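*Asks:* Quick one: the structure is below, questions incoming.
The values are calculated or read from the model by the stated rules, or taken from the named source; none is laboratory data. Because the structure is a prediction, the values reported are computed rather than measured. Counting neighbours? That spans all protein chains shown, and the Cβs are built from the backbone with ideal geometry, glycine included. What goes into the accessible areas is simple: the full protein's heavy atoms, side chains included, and nothing from ligands, DNA or RNA. Shrake-Rupley method; radii C 1.70, N 1.55, O 1.52, S 1.80 Å.
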Amino acid sequence: MKIPLFVLGLLNAADAFVAPQKCPSANTHLFMSDRYGVGVNDRARLNIDSGVGSGGAISRRRGDVLDLTEIWEDSSPVIVQGGSLRTWSFANPAIESVQVLLKTEGRPLDADVELWQGPDNTPHKMRVYVEDGALRTFNAVIGTPRGPNTVAIRNIGQLEFPLDAVVRPDRDDGLAAGIASVATRSETIQGGALRTYPFNPTVDSVAIILKTDGRPLNARIELLQGPNNNKQVVELYTEDGLDRPFFAIVETPGSGNVVRVVNTAPVEFPLYASVDAYRVGGGGDWADDGLMIGRAF
């Protein structure tokens, strides 16, 4: 029995109109990122919370980064009197970086830090000023490739202002590795330009990395707390910002902290800066959300 052609056409047309089937349900996850590149899903997995206020700093667990207090407790600080010079020599060429930590008993800290490599060769030098050397200690890691190297610290303050210094080799899992694990995002700062990084009161310290593509590095790092109120200033020079990058931890107690990085080199010498929160303590030292009420005596 033959089926007429017009019947076959009707059957094909009916097959074309098939009722759409219900799509299987799919779970959608909202992913938001802040200035530090951490999403909501990552934040839940890493057990970190967003900071409140300007800066948007993130809170990390205490076990993720190296505690500076442990370094001071495990070391024997050397007292550098005002106007005097102390040196630390490292003859082992396997030591590629050293930790430099400075503090006082609450007095101002003013020092010159230099790296000597051979006669009349200073590939790295810094001028460090801290308003309160006990509240904000100076913590840095400088590169010492191709030894022998000598670190020289000169206390250019007055005789009444001594400082404590710790200079020791930095291990592979030491301070530089902890800073690099936190400050992962970098941005370019052209010669003569500056960048500011505000942080909220919950941030106790900030990790900073400065480097170049092999050109000299000239920069100034400032910690501001209020308009034109410098709490810490570091003037930095490195002859090769790729071979000797600069790592530092700046302590930021209190509120209104802003880190400012200035590239003091000409426009032909850009640098790459990474600035991020290092230690977040939740602002437990400030009651009533940092509100300070004065009273008359």
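*Asks:* Counting just the residues of region 214-245 that are in a loop (DSSP other than H, G, I, E, B) and touching a residue at least 60 places away in the same chain (Cβ under 8 Å), which one comes out least open to solvent (accessible area, probe 1.4 Å)?
*Replies:* 244
*Asks:* Okay, next question. It is to be established whether one or more residues within region 184-204 are within 21 Å of residue 98 (Cβ to Cβ), under 10 Å from the mean Cα position of the chain (by Cα) and touching a residue at least 40 places away in the same chain (Cβ under 8 Å).
*Replies:* no
*Asks:* Then there is this: Quick one: in region 260-297, of everything that is more than 30 Å from residue 194 (Cα to Cα) and in contact with a Pro (Cβ under 9 Å, 6 or more places away or on another chain), which residue is modelled with the lowest pLDDT?
*Replies:* Across region 260-297, the extreme among qualifying residues is 289.
*Asks:* Out of (1) surrounded by fewer than 20 Cβ atoms within 10 Å (Cβ to Cβ); (2) farther than 18 Å from residue 102 by Cβ; (3) in contact with a strand residue (DSSP E or B) (Cβ under 6 Å, 6 or more places away or on another chain), the odd one out for residue 211 is which?
*Replies:* The one condition residue 211 does not meet is (1).
*Asks:* For region 174-193, give me the residue count where each residue is more than 17 Å from residue 247 (Cβ to Cβ) and touching an Asp or Glu at 6+ places or on another chain (Cβ under 9 Å).
*Replies:* Within region 174-193, residues that are more than 17 Å from residue 247 (Cβ to Cβ) and touching an Asp or Glu at 6+ places or on another chain (Cβ under 9 Å) number 1.
*Asks:* Just give me the residues in region 135-159 being of a type outside the set (Ser, Thr, Tyr), assigned to a loop (DSSP other than H, G, I, E, B) and within 20 Å of the chain's Cα centre (by Cα), in sequence order.
*Replies:* Residues satisfying the conditions are 135, 136.
*Asks:* Here's a follow-up. Would you check which residues across region 160-176 are surrounded by fewer than 16 Cβ atoms within 10 Å (Cβ to Cβ) and either part of a strand (DSSP E or B) or not acidic (Asp, Glu) (or both) and list them?
*Replies:* Answer for region 160-176, where residues must be surrounded by fewer than 16 Cβ atoms within 10 Å (Cβ to Cβ) and either part of a strand (DSSP E or B) or not acidic (Asp, Glu) (or both): 169, 171.
*Asks:* May I pose another question? Can you give me the number of residues within region 106-159 that are more than 20 Å from residue 82 (Cβ to Cβ), surrounded by fewer than 20 Cβ atoms within 10 Å (Cβ to Cβ) and touching a Ser or Thr at 6+ places or on another chain (Cβ under 7 Å)?
*Replies:* So the count comes out to 3.
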